[in-house]
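Presented below is the structure to which this report refers.
The values are calculated or read from the model by the stated rules, or taken from the named source; none is laboratory data. Source: prediction; values computed, not measured. Positions of Cβ are backbone-derived with ideal geometry, glycine not excepted, and every protein chain shown enters the neighbour counts.
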């Protein structure tokens, strides 16, 4: 069965004649859905993580660096479950919208206020923390001090902790790009087909936190500037491909986006206020300001290929 399924689901060509379920750029066939449910029925106590890895292995679904596309597969499973096409095992933790919400342990750090200038702060160290023990500290700081809390997105993702000596200064989290973003799509000028092929070359900043007791002028824009110079190399080293473009949102009712302007990010306009699950043209959430930062001068040509 797995050998036959592999011939049906080729990762290099994710389209199926007569398919009946779309997820991201995938069209999932009824046979594939039956295969998933068969795996669940064969082992009802199997965790969702184990199920997604088993499906990735059966379908040969891997990233450019050879790692299983585990988190994206879990997003697919959750979508099928919500559409009542499969019945997943009970979750180990609550989730929302495909973004897994764990409850990081609270941390107690030295909260002595730090003021002064960037020069007085000294050399900043940018530490990649994804899948390291330090990731839990970043998650906890986001959960405690970011107004949106902590999330764990699906797909490709990296996290940084910025340190001044041994003290955390900032946390920055990046993930795979948002699938459809009108202001960004118009700014890039790509077709729907080019977007489907090349969206992996965009990184989305999901969280940015300056630890609140660090009150240093120009610190936030300085970190953004340095981040833009290093993220492409780090992404390529981890996932086997670079990125050409960065994007994020800000809430204009809370923030003016001053640090993004100072770091030469480009404001592209407001979102529609409709989530991906919206069934109407009416806004169902706050409007957000969209920001972009091209990493390559020829980003439009590269993304539109």
Go through (1) closer than 16 Å to residue 222 by Cα; (2) in a helix (DSSP H, G or I); (3) touching a residue at least 40 places away in the same chain (Cβ under 8 Å) for residue 126 and report which single condition fails. (2)
With respect to residue 274, determine if the residue is farther than 22 Å from residue 209 by Cα and either buried (at least 18 other Cβ atoms within 10 Å of the Cβ) or at pLDDT below 90 (or both). yes
Under 21 Å from the mean Cα position of the chain (by Cα) and in a loop (DSSP other than H, G, I, E, B): does that describe residue 66? yes
Which numbered condition residue 229 fails, given (1) surrounded by fewer than 19 Cβ atoms within 10 Å (Cβ to Cβ); (2) assigned to a strand (DSSP E or B): (2)
What about residue 293, is it within 20 Å of the chain's Cα centre (by Cα), modelled with pLDDT of 95 or more and not in a strand (DSSP E or B)? no
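Yes/no per residue for (1) out of contact with any strand residue (DSSP E or B) (no Cβ under 9 Å at 6 or more places or on another chain); (2) on the phi > 0 side of the Ramachandran plot; (3) at pLDDT below 95:
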| position | (1), (2), (3) |
| --- | --- |
| 211 | no, no, no |
| 219 | no, no, no |
| 225 | yes, no, no |
| 248 | no, no, no |
| 254 | yes, no, yes |
Looking at the stretch 130-141, can you tell me whether even one residue there is within 15 Å of the chain's Cα centre (by Cα), on the phi < 0 side of the Ramachandran plot and surrounded by 19 or more Cβ atoms within 10 Å (Cβ to Cβ)? yes
Is there any pair with a first residue in the stretch 87-115 that is within 23 Å of residue 175 (Cα to Cα) and a second that is part of a loop (DSSP other than H, G, I, E, B) and modelled with pLDDT of 60 or more whose Cβ atoms are under 7 Å apart and which are 6 or more apart or on different chains, and what are they? 92/47; 98/154; 99/151; 99/153; 101/151; 104/150
